[in-house]
Amino acid sequence: TQLAALSATQMLLLTSSEVNALTATQLGALSSAQIRGLGATNISGLDTDQIGALRATQIAALATTTLRGLADTQLAALSATQIAALSATQLAALPATGLAGLATTQLTGLTATQIAALSATQINALTTWQIAALDADDIAALSTAQLRGINATTLGNFSTAQLAALSATQIAALSTAG
């Protein structure tokens with residue numbers, strides 16, 4: 001009850017030690033504004049159980065600067081529902097190494113709009129299994145800029161069905177890729 005009474009500004013004043021002492025249940029009970037108020041430093045100090053306890057709406061409320069500060073292990077602890085709650089802008093802010101550590105079940109919940117927000121660097125970091133998890137709509141959503149940035153190894157991981165989902169414009173972008 002006392003924790004719920006704290007404003008987002010007051011949450012920002014908590015030390016990392018104080019935030020780390022919060023239980024997963026306490027963190028899950030905070031409002032999205034309170035979670036956003038914790039700031040990048042305090043969020044980056046949460047363990048995987050604490051991160052996993054956050055509601056999708058809390059994750060969606062995090063600033064991109066906060067998301068950039070999450071460790072790969074923290075990103076891997078997010079559920080498919082939490083990952084799917086990220087906006088395209090938030091998803092684009094995630095480090096490529098963190099995306100490479102996600103399970104395919106975490107990626108399959110992404111929309112074509114979210115996939116379209118990934119940078120070529122992020123796409124190139126995906127594993128063979130992650131690439132295989134992308135469906136035809138995901139592949140069709142890739143921009144020509146993304147495709148120009150995809151390296152030969154990543155492109156080699158595309159299935160026949162994924163390649164068939166490419167439009168003529170997308171294929172033309174591949175032929176001009178470095």
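The values are calculated or read from the model by the stated rules, or taken from the named source; none is laboratory data. Here the structure is a predicted model, which means the values were calculated and not measured. Note: ideal-geometry Cβ built from the backbone for every residue, glycine included; neighbour counts use all protein chains shown. With ligands, DNA and RNA removed, areas are computed over all heavy atoms of the protein, side chains included. Shrake-Rupley method; radii C 1.70, N 1.55, O 1.52, S 1.80 Å.
State all residues of segment 89-115 that are part of a loop (DSSP other than H, G, I, E, B) and not aliphatic (A, V, I, L, M); if no residue qualifies, say none.
95, 101, 108, 109, 111
What number of residues within segment 60-80 satisfy the criterion of being among the hydrophobic types (A, V, I, L, M, F, W, C) and under 14 Å from residue 24 (Cα atoms)?
Number of matching residues: 2.
Rundown of residues vs (1) modelled with pLDDT under 90; (2) closer than 22 Å to residue 87 by Cβ; (3) buried (at least 20 other Cβ atoms within 10 Å of the Cβ), yes/no style:
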| residue | (1), (2), (3) |
| --- | --- |
| 116 | no, yes, no |
| 144 | no, no, no |
| 159 | no, no, no |
| 167 | no, no, no |
| 172 | no, no, no |
| 176 | yes, no, no |
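Could you say which residue among 73, 41, 25 is under 18 Å from residue 106 (Cα atoms), of a type in the set (Ser, Thr, Tyr), assigned to a helix (DSSP H, G or I) and open to solvent by 50 Å² or more (accessible area, probe 1.4 Å)? Lay out the reasoning, then the answer.
Values: 41 fails: under 18 Å from residue 106 (Cα atoms); 25 fails: under 18 Å from residue 106 (Cα atoms).
Being under 18 Å from residue 106 (Cα atoms), of a type in the set (Ser, Thr, Tyr), assigned to a helix (DSSP H, G or I) and open to solvent by 50 Å² or more (accessible area, probe 1.4 Å) holds for just one of 73, 41, 25, which is 73.
Hey, can you tell me all the residues within segment 21-46 that are within 19 Å of residue 72 (Cβ to Cβ), more than 17 Å from the chain's Cα centre (by Cα) and not β-branched (Val, Ile, Thr)?
Selection gives 42, 45.
Show the residue pairs that are 6+ apart or on different chains and have beta-carbon atoms under 6 Å apart, the first residue being within segment 148-166 and basic (Lys, Arg), the second being open to solvent by less than 60 Å² (accessible area, probe 1.4 Å).
Partner pairs satisfying both residue conditions: 148/173; 148/177.
Restricting segment 1-22 to residues that are hydrophobic (A, V, I, L, M, F, W, C) and in a helix (DSSP H, G or I), which is surrounded by the fewest Cβ atoms within 10 Å (Cβ to Cβ)?
Residue satisfying both the conditions and the ranking: 5.
Kindly evaluate residue 91 against the criterion of being crowded, with 21+ Cβ neighbours inside 10 Å, over 10 Å from the mean Cα position of the chain (by Cα) and of a type outside the set (Asp, Glu).
no
Using the structure shown, decide if residue 35 is touching a Ser or Thr at 6+ places or on another chain (Cβ under 8 Å) and not small (Gly, Ala, Ser). Before you say what the answer is, go through the steps one by one.
Values: touching a Ser or Thr at 6+ places or on another chain (Cβ under 8 Å): no; not small (Gly, Ala, Ser): yes.
The answer is no for residue 35.
Taking segment 72-111 on its own, how many of its residues are in contact with a helix residue (DSSP H, G or I) (Cβ under 7 Å, 6 or more places away or on another chain), of a type in the set (A, V, I, L, M) and under 16 Å from residue 47 (Cβ atoms)?
Residues meeting the conditions: 3.
Out of all the residues in segment 146-157, which are of a type outside the set (A, V, I, L, M), in a helix (DSSP H, G or I) and open to solvent by 50 Å² or more (accessible area, probe 1.4 Å)?
Across segment 146-157, the qualifying residues are 148, 153, 156.
Criterion first (open to solvent by 40 Å² or more (accessible area, probe 1.4 Å) and outside any loop (DSSP other than H, G, I, E, B)) does residue 66 satisfy it?
no
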